[in-house]
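Participant: Got a structure here, written out as structure tokens. Questions coming.
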Amino acid sequence: MDAQTSVQLVSTLVVAVATAVLAYLTYRNVQLTNKMVTEMRAARAPYIFVELEIRKTGNVLAVGNSGQTAAVDIHFDVKQDASWVSLPNMKFYLNQTAPIEKGITYLPPGRTLRYLLGQLNVAGSQEGDAIKLGVQYKDDAGELFRREIVIALATLEGLLYETYQKPESEIAEALKDMRRESMFGRLT
């Protein structure tokens, strides 16, 4: 084997190894780019949350979308319900709220809808009681999402009503009080 053949053989091997390395690096780059695109889509996806708000005027079921795109065709399935106080002529049980019975057709990003509920039967609840909901919804491109939401009732024990009061409400109440005081101050 002469020197020229040896150089050609070595250069062919170097090119083959370099081609294999570049092919592998290209494959890894495609994988990482695909993963990045998937994560970016997931970050933009709608995200439906459900909260049980305890207020002085009654409990509220809050359904919101904290994602960056709208959620459509939202349906709920109550897998486990809480014990509710039965009140005459009032139907404010979880199963009887509009979003549970009929679903929600459209929920834009950043929006929260609130529905009036009855009173939880705290005396009838036991350790480990929870509300479990299955939720299914689509994004505006038609991709289907499914989640299970669990609201542990033990976390609500001893909760202050002020937890769900908005600061704007407190300011509005303070202004009303000041107005009332100034009106009564003029009369006396």
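Participant: Over the chain, with a Gaussian network built from C-alpha contacts below 10 Å, which listed residue (Asp177, Asp81, Asp140) shows the highest mean-square fluctuation?
Facilitator: Asp177
Participant: Here's something else I'd like to know. Connecting C-alpha atoms closer than 10 Å in a GNM of the chain, tell me which of Ala16, Ala45, Ala82 has the biggest fluctuation.
Facilitator: Result: Ala16 has the largest fluctuation of those listed.
Participant: Moving to a separate point now. Ranking Thr97, Thr105 by Cβ neighbours within 10 Å, fewest first, what do you get? Please report the intermediate quantities before stating the final value.
Facilitator: Values: Thr97 19, Thr105 9.
With the sparsest Cβ surroundings first, the list reads Thr105, Thr97.
Participant: Where is the GNM fluctuation largest for the chain (alpha-carbon springs, 10 angstrom cutoff): Val21, Val78, Val60?
Facilitator: Maximum fluctuation in the GNM of the chain, among the listed residues, is at Val21.
Participant: Read phi for every residue in the range 96-101 and hand back ³J(HN,Hα) as whole Hz from Karplus 6.51 cos²θ - 1.76 cosθ + 1.60, θ = phi - 60°, with x for Gly and Pro.
Facilitator: 9, 7, 4, x, 6, 6
Participant: Using alpha carbons only, how many degrees (0 to 90, rounded to 10) separate the axis of helix 3-44 from the longest principal axis of the chain?
Facilitator: With both axes taken from Cα atoms, the answer is about 10 degrees.
Participant: Using just the helices of the chain, give the 222 nm mean residue ellipticity in deg cm²/dmol: DSSP H runs with n ≥ 4 each add -39,500 (n - 2.57), and the total is spread over all residues, rounded to 500. Intermediate results must be reported in sequence, preceding the final value.
Facilitator: Values: 3 runs with 68 residues, N = 188.
Result for the chain, helices only: -12500 deg cm²/dmol.
Participant: Expressed as an acute angle from 0 to 90° and rounded to the nearest 10, what is the orientation of the C-alpha long axis of helix 167-187 relative to the principal long axis of the chain?
Facilitator: 30 degrees
Participant: Separate question: Contact order normalised by length for the chain, with contacts defined as Cα pairs under 8 Å and 6 or more residues apart; what percent is it? Let's see the in-between values first.
Facilitator: Values: 255 pairs, mean separation 38.2, N = 188.
That works out to 20 percent.
Participant: Could you tell me how far the Cα centroid of the range 31-69 sits from the Cα centroid of the range 137-153, in Å?
Facilitator: Taking the Cα centre of each part, the range 137-153 and the range 31-69 sit 8 Å apart.
Participant: Something else now. Beyond a 22 Å Cα-Cα separation, which of these cross-linked pairs lie in this structure: Lys56/Lys166; Lys79/Lys138; Lys56/Lys132; Lys102/Lys132? Let's see the in-between values first.
Facilitator: On the way: Lys56/Lys166 13 Å; Lys79/Lys138 20 Å; Lys56/Lys132 24 Å; Lys102/Lys132 18 Å.
Too far apart for the 22 Å limit: Lys56/Lys132.
We did not get these values from a lab; they are worked out from the coordinates using the rules stated. Source: prediction; values computed, not measured. Cβ: placed from backbone, ideal geometry, glycine included. Neighbour counts: every protein chain shown.
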